[in-house]
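The values are calculated or read from the model by the stated rules, or taken from the named source; none is laboratory data. Model, not experiment: these values are computed from the prediction. Cβ coordinates were reconstructed from backbone atoms using ideal geometry, including for glycine residues, and neighbour counts include every protein chain displayed. Remember, those area values only see protein heavy atoms, side chains included, never the ligands or the DNA or RNA. Shrake-Rupley method; radii C 1.70, N 1.55, O 1.52, S 1.80 Å.
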Amino acid sequence: PMQPPGQSAEELLYDLFPAQVADALKSGRLPDPEPYPCVSLFFSDIVGYTELCSKLSPLQVMAMLHRLYMRFDQLAQELDLFKVETIGDAYMCVANLRSPQPECHAALMAAFAFGCRKAANEEFVCPSQPELGCIHIRCGIHAGPVMGAVVGTLNRRYCLFGDTVNVASRMESTSVCDKVQCSATFMQLLQQQWP
């Protein structure tokens with residue numbers, strides 16, 4: 001990734017990885033996999049993305065994603081969440097991983113999801129083509145255990161593994177336009193943390 005102006009390589013390393021992982025990588029070691037007993041995991045994607053790609057130039061698609069994900073990133077920073085990755089139009093974020101948030105991670109993730117939906121609905125698909133309207137997303141959230149690890153040696157990134165990831169992804173893929181679908185497990189936790 002490109003380094004933002006004024007950000008050192010070390011700061012970038014600590015942005016991309018949890019602190020203990022960045023420490024290990026900085027010292028030349030492969031970090032050990034880490035279990036996280038309970039996190040809240042968010043996935044989103046853009047409704048009609050394939051069709052939008054057929055109507056926009058690659059530069060316009062990139063600009064749309066950049067505008068949208070800058071807003072998601074800002075919200076993630078405000079709530080102290082960890083952005084895991086983006087792949088195309090998919091955005092993945094987790095709570096209770098980088099920073100311990102055992103008493104509030106579900107509430108933080110719900111606030112994040114609603115904030116992302118609001119941000120998307122305020123952002124034009126393409127400002128020069130207002131007839132395309134605003135961006136619409138679908139979201140999914142689940143809570144449970146994951147294992148975090150750096151895999152491979154090229155273009156390293158921090159990956160999450162476990163059925164929690166699969167369930168969160170299914171919550172997103174079976175959700176509907178402008179809705180946040182969550183699992184019963186997440187809802188139960190949310191009711192405890194945000195009554």
The Cα extents of segment 88-159 along the principal axes, largest first and rounded to whole Å, are 44, 36, 17
Over the chain, with neighbouring protein chains present, the accessible area per residue in Å² at probe 1.4 Å is 52 Å²
For the chain, whose charge dipole is built from +1 on Lys and Arg Cβ atoms and -1 on Asp and Glu Cβ atoms, the candidate among Ala95, Asn121, Gly28 with its Cα farthest towards the positive end is Asn121
Per 10 angstrom bin, beginning at 0 and ending with the bin that holds the maximum distance, the Cα pairs of the chain fall in percents of 9, 34, 34, 19, 3, 0
CD proxy, 222 nm, the chain: helix-only mean residue ellipticity via -39,500 (n - 2.57) per DSSP H run with n ≥ 4, per residue, nearest 500, stands at -13000 deg cm²/dmol
Rounded to the nearest 10 Å², the accessible area of Leu68 using a 1.4 Å probe with every protein chain kept is 0 Å²
Heavy-atom accessible area of Val151, protein chains in place, probe 1.4 angstrom, given in Å² to nearest 10, is 70 Å²
Given backbone amide H placed at 1.01 Å from N, residues whose amide H is under 5 Å from that of Cys159, ignoring those fewer than 5 places away on the same chain, are Ala149, Val150, Val151
When every protein chain stays in place and a 1.4 Å probe is rolled, Glu85, Glu122 sorted by accessible area with the largest first are Glu122, Glu85
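For Cys177 and Met147, compute 0.36 nm times the residue count separating them, minus their Cα-Cα distance, and round to one decimal in nm.
Going from the current span to full extension adds 7.8 nm.
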Highest GNM mean-square fluctuation among Ile137, Ile46, Ile87, for the chain with Cα springs under 10 Å, belongs to Ile87
In the chain, lysine pairs 8 or more places apart or on different chains with C-alpha atoms under 25 Å apart total 6
Whole-percent carbon and sulfur contribution to the accessible surface of segment 57-168 (1.4 Å, no ligands, DNA or RNA) stands at 60 percent
Among the DSSP H helices of the chain, those whose Cα atoms extend at least 18 Å along the helix axis and whose mean Kyte-Doolittle hydropathy is 0.5 or higher are none
SASA check, Lys55, accessible area w/ 1.4 Å probe, all protein chains in place, rounded to nearest 10 Å², comes out at 100 Å²
With +1 on the Cβ of every Lys and Arg and -1 on the Cβ of every Asp and Glu, the dipole magnitude of the chain about its Cα centre, in debye rounded to the nearest 20, is 200 debye
Once amide hydrogens are built 1.01 Å from N within the peptide plane, the residues lying 5 or more places from Ile137 or on another chain with amide H under 5 Å from its amide H are Val47, Asp178
Output row, site Gln192, 7 Å Cα→C-beta label point, backbone N cut-off 17 Å, window segment 22-36, residues 36
Checked against the positive end of the charge dipole of the chain (+1 on Cβ of Lys and Arg, -1 on Cβ of Asp and Glu, about the Cα centre), the farthest of Ser175, Asn155, Ala106 is Ser175
Extension length gain for Met62 and Ser8 (0.36 nm per residue less Cα distance), in nm, is 16.9 nm
On the formula 1/(1 + (r/R0)^6), with r taken between the Cβ atoms of Cys134 and Asn155 and R0 of 45 Å, the FRET efficiency rounded to 0.05 is 0.85
